[in-house]
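The values are calculated or read from the model by the stated rules, or taken from the named source; none is laboratory data. None of these values were measured; they are calculated from a predicted model. Note that each Cβ is placed from the backbone with ideal geometry, even for glycine, and that neighbours are counted across all protein chains shown. Remember, those area values only see protein heavy atoms, side chains included, never the ligands or the DNA or RNA. Shrake-Rupley method; radii C 1.70, N 1.55, O 1.52, S 1.80 Å.
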Amino acid sequence: MPARLKVLTPAQLATAHEHGDTKVLVKHYLAVLESRAPGRSVEVRVPPFSAVQAVPGVRHTRGTPPAVVETDAETWLALATGRTTWAEALDSGAVVASGERTDLSPYLPLG
């Protein structure tokens, strides 16, 4: 896992939620996704905070990844915590997913 991403302890997570620390929460849930869906076939982007490569499959190494999921922080946190579903986020246009293996519904919610 890249040094910039880390899974928080329960106490750290509670504090981040209490303070509404979006950056910390986004990175935490990306780290959780990376640990639950190890691999490098899909790049999950939550600009401007971070991105992670996850999901088993063919590893991406250079240039634009063939499989990309991109969303805003609010939507990512809603997906990660179960406040919205993958289908709802896709249908509303809040998530853009292109390429193979970009259906993250088997991994969500994360916490």
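Side notes on the structure shown:
- Only one of the numbered conditions (1) open to solvent by 30 Å² or more (accessible area, probe 1.4 Å); (2) free of Cβ contacts under 8 Å to residues at least 24 places away in the same chain is not met by ALA89, and that is (1).
- Test for GLU74: is it of a type in the set (D, E, K, R) and buried (at least 19 other Cβ atoms within 10 Å of the Cβ): no
- Condition check for LEU33: outside any loop (DSSP other than H, G, I, E, B), open to solvent by less than 10 Å² (accessible area, probe 1.4 Å) and of a type in the set (A, V, I, L, M): yes
- Filtered residues of the range 1-30 (kept if small (Gly, Ala, Ser) and either open to solvent by 80 Å² or more (accessible area, probe 1.4 Å) or in a helix (DSSP H, G or I) (or both)): ALA3, ALA11, ALA14, ALA16
- Restricting the range 38-48 to residues that are at pLDDT below 95 and open to solvent by less than 70 Å² (accessible area, probe 1.4 Å), the residue that is farthest from ALA97 (Cα to Cα): GLY39
- Where PRO106 falls short, out of the listed (1) assigned to a helix (DSSP H, G or I); (2) at pLDDT below 95; (3) not charged (D, E, K, R): (2)
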